[in-house]
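Enquirer: One structure coming up, written as structure tokens, with questions to follow.
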Amino acid sequence: MPEFFKNLFSGKPEKESEAELRKKQEAAWEEKTELTDTAESCYRRGKEYQRKGDLERARLYLERASTLYSSFEQVFDESEVLMEDCDEQMGALEEEDLLYNELLEAVTERTEELDNRQNYLWGLLSLSRLQAVFKRLSACPECEILGEFERVLDIFSQGLVRELHEEERQYLQDFITRLYDFGDSEAFADTSNQVATEDGKALQVFDLNGNSLFTCIHIFLDNCIYAFCDGFENIENAEPPEMDFIPGILLLDYYLRTEEGDVRRLPPIQKEMDRIWSDCEFLEGEPKIQEVAERMDAYRKMDMLKNRS
């Protein structure tokens, strides 16, 4: 009997297939090991910045290490030595006078003064400014879902003035599931997934990791989907939205990686902080919903990484 048919009826794979399988297994192992190396490198770099007293950048790299060993089982298994200290240092940094900590506290205080409608709109205005950033990053391998934020914001913009169609509801529910999976993927954590900016620097997908930005955006979008599926006119009865992502749109990870010195002094950071508070004051003035939609549309056309001076 020819060798091909012997393998077919015996159920035994051909030698070439076995070799190919081993090659894939070895490649997967190397990829996981590379993630472990990255986690340990981030941990060491974070500790070095901590020793230098640069707590902003210490947090950047310690948080990256934390994300890697929290998201990937093998990194978790191989990083037990650093995990406990990393978690301890991250907890301590939450009490420091860091820009994100201060802005988060201020935003939280204002959200408590606003009603549900104003908070949802504040979140949507903030998220709109990230559309161009997401579109840039969607060109990276296996990051195409980031380009779908344009359609998601289209749906929410329409939902301000009318009920969502069933097709739109189903799309949003499918999108939020896929977005959750993406946040736990290797594509999200791969620092080679980056795009060039006009000033010759590189924006990484992993820059969205900072201060749990991507996780908080996911939760906010989940809140929005439930609220808008029930009808925006009923927004006051909806669950209060997750607003912790608003300070994250400063894109601190990107600026801390690519710039030197105090990020508070950077014009793009100052401009974005001005926009955050301008939006809040705008909404406190009880604008018409059409005015909110127009502001959203203007933000969606803006690229935060251009005209940075």
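Enquirer: When the Cα atoms of the stretch 109-170 are enclosed in a convex hull and the volume is divided per residue, what value in Å³ results?
Expert: 108
Enquirer: Before I look further, what does the stretch 49-196 give for accessible area per residue, probe 1.4 Å, in whole square angstrom?
Expert: I get 46 Å² per residue for the stretch 49-196.
Enquirer: To the nearest 20 Debye, how big is the dipole of the stretch 125-169 about its Cα centre, given +1 on the beta carbon of each Lys and Arg and -1 on that of each Asp and Glu?
Expert: The calculation lands at about 320 debye.
Enquirer: Right, here's the next one. Where the accessible area of the stretch 244-309 is counted over protein heavy atoms with a 1.4 Å probe, how much of it, in %, is carbon and sulfur?
Expert: With neighbouring chains kept in place, the figure for the stretch 244-309 is 44 percent.
Enquirer: At Glu48 and Lys301, where each label point lies 7 Å from the Cα along Cα→Cβ, what is the point-to-point distance in nanometres?
Expert: 4.5
Enquirer: Only four residue types carry charge here, +1 at the Cβ of Lys and Arg and -1 at the Cβ of Asp and Glu. Report the dipole size of the chain about the Cα centre in Debye, rounded to the nearest 20.
Expert: With Lys and Arg at +1 and Asp and Glu at -1, about 1180 debye.
Enquirer: Moving on. Which whole-number percent gives the relative contact order of the chain, counting Cα pairs below 8 Å spaced six or more residues apart?
Expert: 20
Enquirer: While we're looking at this one, here's another question. Would you pull out the residues with amide H under 5 Å of Ala202's amide H, same chain only if 5 or more places away, H placed 1.01 Å from N?
Expert: Excluding prolines and chain starts, which carry no amide H, the hits are Thr197.
Enquirer: Something else now. What Rg and what Dmax come out for the stretch 251-304 when only alpha-carbon atoms are used, in angstroms?
Expert: 14.1, 42
Enquirer: Something else about it: For the stretch 275-309 and the stretch 129-173, compute the distance between their C-alpha centroids and round to whole Å.
Expert: Between the Cα centres of the stretch 275-309 and the stretch 129-173 lies a distance of 18 Å.
Enquirer: Moving on. Would you please name the trypsin sites (Lys or Arg not before Pro) within the stretch 143-200 that are DSSP coil residues with at most 12 other C-beta atoms within 10 Å of their C-beta?
Expert: Taking the stretch 143-200 and a limit of 12 other Cβ atoms within 10 Å, the loop trypsin sites (Lys or Arg not before Pro) found are Arg162.
Enquirer: Could I ask something else about it? Taking a threshold of 26 Å on the Cα-Cα distance, which of the pairs Lys47/Lys306; Lys271/Lys301; Lys52/Lys201; Lys52/Lys306; Lys201/Lys271; Lys201/Lys301 fall above it?
Expert: Over 26 Å apart, Cα to Cα: Lys47/Lys306; Lys52/Lys306.
Enquirer: One quarter of the convex hull surface, Cα atoms only: what value does that give for the stretch 211-299 in nm²?
Expert: 6.8
Enquirer: Next question, about the same structure. How big is the accessible area of Lys306 in square angstrom, nearest 10, if you roll a 1.4 angstrom probe over the protein chains?
Expert: Lys306 exposes around 100 Å² with every protein chain in place.
Enquirer: May I pose another question? Return a whole-number percent for the relative contact order of the stretch 74-168, with Cα pairs under 8 Å and 6 or more residues apart as the contact set.
Expert: 12
Enquirer: How large are Rg and Dmax for the stretch 32-123 when only the alpha carbon atoms are used, in Å?
Expert: 16.4, 48
Enquirer: Quick one: net charge of Arg151's neighbours, Cβ under 14 Å, K/R +1, D/E -1?
Expert: It works out to a net charge of -3.
Enquirer: In addition: Take each complete run of DSSP H in the chain, measure how far its Cα atoms stretch along the helix's own axis, and keep only those covering 30 Å or more with mean Kyte-Doolittle hydropathy at least -0.5; list them.
Expert: Helix filter hits for the chain: none.
Enquirer: If you don't mind, another one. Hey, if you put +1 on the Cβ of every Lys and Arg and -1 on every Asp and Glu Cβ in the chain, which of Ser138, Gly91, Leu213 ends up farthest toward the positive end of that dipole?
Expert: Ser138
Enquirer: Another question, if that's okay. Distance between Cα centroids, the stretch 73-128 to the stretch 257-272: provide it in whole Å.
Expert: 19
Enquirer: Same structure, new question: So if I take the alpha carbon set of the stretch 161-309, get Rg, then get Rh from the Kirkwood formula, what is the Rg over Rh ratio?
Expert: For the stretch 161-309, the value is 0.98.
Enquirer: Also: So for the pair Leu114, Gln173, with labels modelled 7 Å out along Cα→Cβ, what separation do we get in nm?
Expert: For Leu114 paired with Gln173, the spin-label model returns 2.8 nm.
Enquirer: Quick one: if you stick a label point 7 Å off each Cα along the C-beta vector at Tyr180 and Glu236, how many nm between them?
Expert: Between Tyr180 and Glu236, the simple spin-label model gives 3.1 nm.
Enquirer: While we're looking at this one, here's another question. If N is the number of residues in the chain, what value comes out of its Cα radius of gyration divided by 2.2 N^0.38 Å?
Expert: Taking the Cα Rg and dividing by 2.2 N^0.38 Å, one obtains 1.16.
Enquirer: Sticking with this one: Considering the chain, which cysteines have no disulfide-compatible partner, defined as another cysteine with its Cβ under 4.7 Å away?
Expert: Unpaired cysteines in the chain: Cys42, Cys86, Cys216, Cys224, Cys229, Cys280.
Enquirer: Need one number: the % of Cα-Cα pairs in the stretch 73-232 sitting beyond the 20 Å mark.
Expert: The proportion of pairs with Cα distances above 20 Å equals 60 percent.
Enquirer: Of all the accessible heavy-atom surface of the stretch 49-93, with the other protein chains kept in place and a 1.4 Å probe, what percent is carbon and sulfur?
Expert: Within the stretch 49-93, the accessible surface is 46 percent carbon and sulfur.
Enquirer: With only Lys, Arg, Asp and Glu charged, each at its Cβ (+1 for the first two, -1 for the last two), find how big the charge dipole of the stretch 118-224 is about the Cα centre; round to the nearest 20 debye.
Expert: 400
Enquirer: Which GluC sites (Glu not before Pro) in the stretch 81-114 sit in a loop by DSSP (not H, G, I, E or B) and have at most 10 other Cβ atoms within 10 Å of their own Cβ?
Expert: Taking the stretch 81-114 and a limit of 10 other Cβ atoms within 10 Å, the loop GluC sites (Glu not before Pro) found are Glu95.
The values are calculated or read from the model by the stated rules, or taken from the named source; none is laboratory data. Bear in mind the structure is a predicted one, so any value in this text is a computation, not a measurement. No Cβ is skipped: glycine too gets one built from the backbone with ideal geometry, and neighbour counts run over all protein chains shown. Ligands, DNA and RNA are excluded from the accessible area calculation, which covers all protein heavy atoms including side chains. Shrake-Rupley method; radii C 1.70, N 1.55, O 1.52, S 1.80 Å.
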